[in-house]
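Just so it is clear, none of the values below were taken in a lab; they were calculated from the coordinates. Because the structure is a prediction, the values reported are computed rather than measured. Glycine also receives a Cβ, built like all others from the backbone with ideal geometry; neighbour counts cover every protein chain displayed.
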Amino acid sequence: MKTDEFKTQIYQLLSNIPPGKVTSYGRLARMAGHPGRARMVGSLLKQLPAGSTLPWFRVLTASGKPAFAPGTESFERQRALLAREGVTFSASHKVSAEHWWQQA
DNA sequence: TAATTGACCGGAG
DNA sequence: ACTCCGGCCAATT
């Protein structure tokens, strides 16, 4: 079980999330067969190569909100990208359950 | 080499 | 619904 395999798994899953859908760090980790490694998923997304086309913005915390503090640049960027796909936030910055990705 | 730091999570209070 | 806490473990100090 190498770290590289975990990374590959996560990247694979991430690329499978369709536009307009979202999931959480923890769920991705669990889908990859590594429950409890949510932080590693966050670490991977943080270190994504500059030119990557992976939809990092479709990943939220388990509570359904972005991992960034409201008002920060990253937060606004994520909100804009999701809005472009029809995913809107509630007043408390939470994404409604109907947008959550259900594995095919 | 050791300590600290996170784009996290679930349970408990 | 919200805060606190312990577990998580690679990357960074």
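What the table below lists for this structure:
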{"quantity": "Percent of Cα pairs exceeding the 16 Å cut-off, where the set is the range A:1-56", "calculated": "36 percent"}
{"quantity": "The range A:3-97 pair-distance distribution - Cα-Cα, 10 Å bins, rounded %", "calculated": "16, 52, 29, 3"}
{"quantity": "Between the range A:58-77 and the range A:1-45, the Cα center-to-center distance that results, in Å", "calculated": "17 Å"}
{"quantity": "Length-normalised contact order of chain A in % [C-alpha pairs under 8 Å, at least 6 apart]", "calculated": "28 percent"}
{"quantity": "Sites A:Glu76 and A:Glu5, calculated FRET efficiency, Cβ-Cβ separation with R0 41 Å, nearest 0.05", "calculated": "0.75"}
{"quantity": "Whichever aspartates and glutamates have a C-alpha closer than 20 Å to that of A:Lys46, once near sequence neighbours (fewer than 8 apart) are set aside", "calculated": "A:Asp4, A:Glu5, A:Glu73, A:Glu76"}
{"quantity": "Net lengthening on full extension, A:Thr88/A:Ser15 (0.36 nm per residue, minus Cα-Cα)", "calculated": "24.2 nm"}
{"quantity": "Eligible aspartates and glutamates near A:Lys21 by straight Cα distance, threshold 13 Å, same-chain separation 8 or greater", "calculated": "A:Glu85, A:Glu98"}
{"quantity": "Over chain A: helical MRE at 222 nm, DSSP H runs n ≥ 4 each giving -39500 (n - 2.57), nearest 500", "calculated": "-11500 deg cm²/dmol"}
{"quantity": "Sorted peptide list for A:81-89, A:42-50, A:23-31, criterion being average Cβ within 10 angstrom, highest first", "calculated": "A:23-31, A:81-89, A:42-50"}
{"quantity": "Karplus-derived 3J(HN,Hα), 6.51/-1.76/1.60, for each residue of the range A:3-9, Hz, glycine and proline x", "calculated": "5, 4, 5, 4, 4, 4, 4"}
